[in-house]
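Reading through the structure tokens given below for one structure.
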Amino acid sequence: MYGQCILCLESTELLTEEHIFPEAVGGNIAKYVLCKPCNDELGRWVDAPYVDQKHIQLARVAYKIKGKTGNIPQPFSETYSLNGSDGQLKIKLDKDFTPRVVPQAPKVWVTEGGEVGFSLSRDVKDRKDIPKIIRTVLSRFFKSEEGKRLGWSDEQKENAIQRAIDGATRVEPRSEQIKSPLGGRWTIELKALFAEHIKVIYEIRCLEFGAPYINSPSGGRLRAFLRAQCCDEPEPWDLKDMAKHLNVAPQIPKDLDGFIKYLTNGNPHTHHIAVVTPASVVCSMLGMGAVFHDGDLDQAPGVADIVKVYISSVTGGKSGIFCLHELLGDGQ
Ligand SMILES: [Zn+2]
């Protein structure tokens, strides 16, 4: 489709379909507003970091939102540490939350008595692989400088491998039950949340108000902010300062909050919503909101000022772009 890309402002034959709310979190309103390179850049630097946030992943699990790959993420997929009786283990949770011991690189050493010692941690489910692993690890060790210094014959080496395998098969698994808590730490990047809201707000304003908005100072500020995100090391910025500069507030104005609850049947966490008024866009995604005003922050928009509402249900409810009377169902 021919048109002007709203990010780089180039005119192109090939505008691509952009999901206003990210597709990976169940956004299903798409518009041809970006050229391919800009669409890819925003996907990589703005949408992906947002979608990767832990609480967003949790929401995707809760509402069974599949990504482009058809998969629902596993938010607990980090590696955790566990203090067991035999030291610290690394644990990972499978898709079905079953814990598994993460294999650690085997250590081999020569004991004071001139024997070969080694340590290896494997999940009990991988027990059958242990003889093979021992053979590989020790054979490699015998070829190393340290191993060669032992001066062992092939027979001695083979005996040592056999002894190690026999010893390992006699070891009973320490525990198949995790009794102590799994330790780990999650971080949430406010910046990623903020940038995604700015993207949605900018795109909606461009769609609703067209060239006058795109060419306005306000449009220019948001566009510059988004373009600045699209690199490895965006310029550092202060969240508070930016919020003031862009007039973004972290909460939905009171009367609109009630309206959003009305639209979502009291479940704002299962929807992406943007409410457009002449001077502002209120954007709420999975229960977290931002308000962008062109004018003074004190002039909170009211229900009566609403021009349009963008709703995208992540659980299969009403989705699309609506005028107020359509949503209130007065049939005008
Ligand atoms: Zn572009």
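Read-outs throughout are calculated quantities, based only on the coordinates presented, and are distinct from any laboratory measurement. Here the structure is a predicted model, which means the values were calculated and not measured. Ideal geometry is used to build each Cβ from the backbone, glycine not excepted, and the neighbour counts take in all protein chains shown.
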Within the chain, which cysteines find no other Cys whose Cβ is under 4.7 angstrom from their own?
C8, C38, C206, C230, C231, C283, C323
Using a Cα-Cα cut-off of under 16 Å, which lysines could be cross-linked to K157, ignoring same-chain neighbours fewer than 8 residues away?
K132, K143, K148
Mind checking which of T187, T16, T270 has the largest fluctuation in a GNM of the chain, springs on alpha carbons under 10 Å?
T187
Taking 8 Å as the Cα distance limit and 6 or more residues as the minimum spacing, I'd like the relative contact order of the chain as a percentage.
15
Take each of the peptides 306-314, 130-138, 224-232, 274-282, average the number of other beta-carbon atoms within 10 Å over its residues, and list them starting from the highest.
274-282, 306-314, 130-138, 224-232
Subtract the Cα-Cα distance of I130 and E78 from 0.36 nm times their separation in residues, and report this length gain in nm to one decimal.
16.3 nm
Taking 0.36 nm per residue of sequence separation and subtracting the Cα-Cα distance, how much length would be gained by fully extending the chain between T169 and Y2, in nm to one decimal?
53.3 nm
Picking from S119, S153, S180, which is most flexible by a Gaussian network model of the chain using Cα springs under 10 Å?
S153
What spacing in nm lies between the two simple spin-label points modelled at C231 and E326, each 7 Å away from Cα in the Cβ direction?
4.1
Extension length gain for V61 and A30 (0.36 nm per residue less Cα distance), in nm, is 8.9 nm
Please compute the contact order of segment 21-87 in relative form: average sequence separation of alpha-carbon pairs under 8 Å and at least six residues apart, divided by the residue count, as a percent.
34
Please list, or write none, the lysines whose alpha carbon is within less than 24 Å of the alpha carbon of K318, excluding same-chain residues fewer than 8 places away.
K31, K64, K66, K68, K199, K254, K261, K308
Under a 10 Å cutoff between Cα atoms, tell me which one of L15, L34, L182 has the largest fluctuation in the Gaussian network model of the chain.
L182
Report relative contact order for segment 80-170 in percent, whole number only (criteria: Cα-Cα under 8 Å, sequence separation at least 6).
17
Segments 57-66, 97-106, 41-50 sorted - mean Cβ within 10 Å per residue, highest first:
41-50, 57-66, 97-106
I need the calculated FRET efficiency for the pair V110 and S180, taking r as the beta carbon distance and R₀ as 41 Å, to the nearest 0.05.
0.75
Check cross-link reach from K125 to the lysines: straight Cα distance under 16 Å, and skip same-chain residues fewer than eight apart.
K90, K92, K95
